[in-house]
């Protein structure tokens, strides 16, 4: 096991220019991006040499619900940052171009600070058909995430940021809170970025989402332009890893067959827990991920369907319990044991999954 700083140094030393990393939530992806930023700063002046998109980027955008006035002037505030002075070098149209693939259902406009160095103060959204009054509305969480991502993409093209901090891009989980369709769209926007930039800088992508990294992995390895991502001797110019651990003790596992087989790694971990009788509460979160991956493959939205297919007699009740035990906090409670009834349920679900789908579990 390694510390997050050691993992960051390992990524820094990796020769490949494209790195895909799968890790479930709360493993330490955001911390890893921060540590990578710290270890790659210029030693003389501490300046960043790369560009980052992570939870801290998203946290710069905060809703002002204007509750005192009945939400009449609801808006999305943009907190001041080191990038604020670049904001007004891009326009609404620049962000709109990035939003085109997402088929947005709203319009928006920026309100700038009187001091251009302080950039945009906030964004106001309104319905597309409301061209005259432009009554402020609040967009959904997923729409907000997409907007922030596209704001970031537009900002990348402004002079004075990505063109000067040009050693690497580190993009951490741009698909949080998105539905499947928009996850796929985002994967294509990321791939466009990879195609355009991988020869110029290192690109590191991390995510908790199986489908998102599967698309990127397939396009890099099997897409019509996949030859661009191999050397003359047919060696890959990209690397795929699994980040495992609890935020403190981490390991960076090299995948043998690509990110698309991560469900087998999860099943391997679950099977080891079952055989050793060392099942903890956090294993339910891993079980849920496997069920969700199977449900996605089958083209259904809820993993309760999978439970029904494998022969669980009360699939909705079991799905509710698995959901409840998969709360984010369980990742920090790895010493917690499930109660006997829940342990029996875990064993039954895992056993019937293996009986139904006959997964071939890789050996360490």
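Bear in mind that the values in this text are calculations on the coordinates, not laboratory data. Owing to the predicted nature of the structure, the values given are computational and were not obtained by experimental measurement. Positions of Cβ are backbone-derived with ideal geometry, glycine not excepted, and every protein chain shown enters the neighbour counts.
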Angle in degrees between helix 29-39 and the longest Cα principal axis of the chain, rounded to the nearest 10:
60
Once normalised by the length of the chain, the mean sequence separation of its alpha carbon contacts under 8 Å that are 6 or more apart gives a contact order in percent of 20
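Can you give the % of DSSP beta bridges in the chain that are antiparallel, to the nearest 5? Intermediate values should be presented prior to the final figure.
Details: 21 of 39 bridges.
Roughly 55 percent of the beta bridges in the chain run antiparallel, per DSSP.
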How far is helix 315-325 tilted, in degrees, relative to the longest principal axis of the Cα atoms in the chain, given as a value from 0 to 90 rounded to the nearest 10?
60
Counting all C-alpha pairs of the stretch 259-357, share separated by more than 17 Å (%):
47
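Quick one: divide the alpha-carbon radius of gyration of the chain by 2.2 N^0.38 Å and tell me what you get. Don't skip to the answer; put the middle values down first.
Details: Rg = 22.2 Å, N = 364, 2.2 N^0.38 = 20.7 Å.
The value comes to 1.07.
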Helix 4-13 sits at what angle to the longest principal axis of the chain, using alpha carbons and giving 0 to 90 degrees rounded to 10?
70
Ranking request for peptides 102-108, 291-297: highest mean number of other beta-carbon atoms within 10 Å first, then the rest in descending order.
291-297, 102-108
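In what sequence, highest mean first, do 299-312, 56-69, 138-151 appear when ranked by Cβ atoms within 10 angstrom?
In descending order of packing, they fall as 138-151, 299-312, 56-69.
Please pull out the direction-averaged projected area of the stretch 57-148, using the convex hull of its alpha-carbon atoms, in nm² to one decimal place. The partial results should precede the final answer.
Working: hull surface 25.3 nm².
One quarter of the hull surface, i.e. the mean projection, equals 6.3 nm².
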Could you work out the relative contact order of the stretch 259-357? I mean the mean sequence separation of Cα pairs under 8 Å and 6+ apart, divided by the number of residues, in percent.
35
Sequence gap at least 6, Cα distance under 8 Å: using those rules, report the relative contact order of the stretch 29-96 to the nearest whole percent.
19
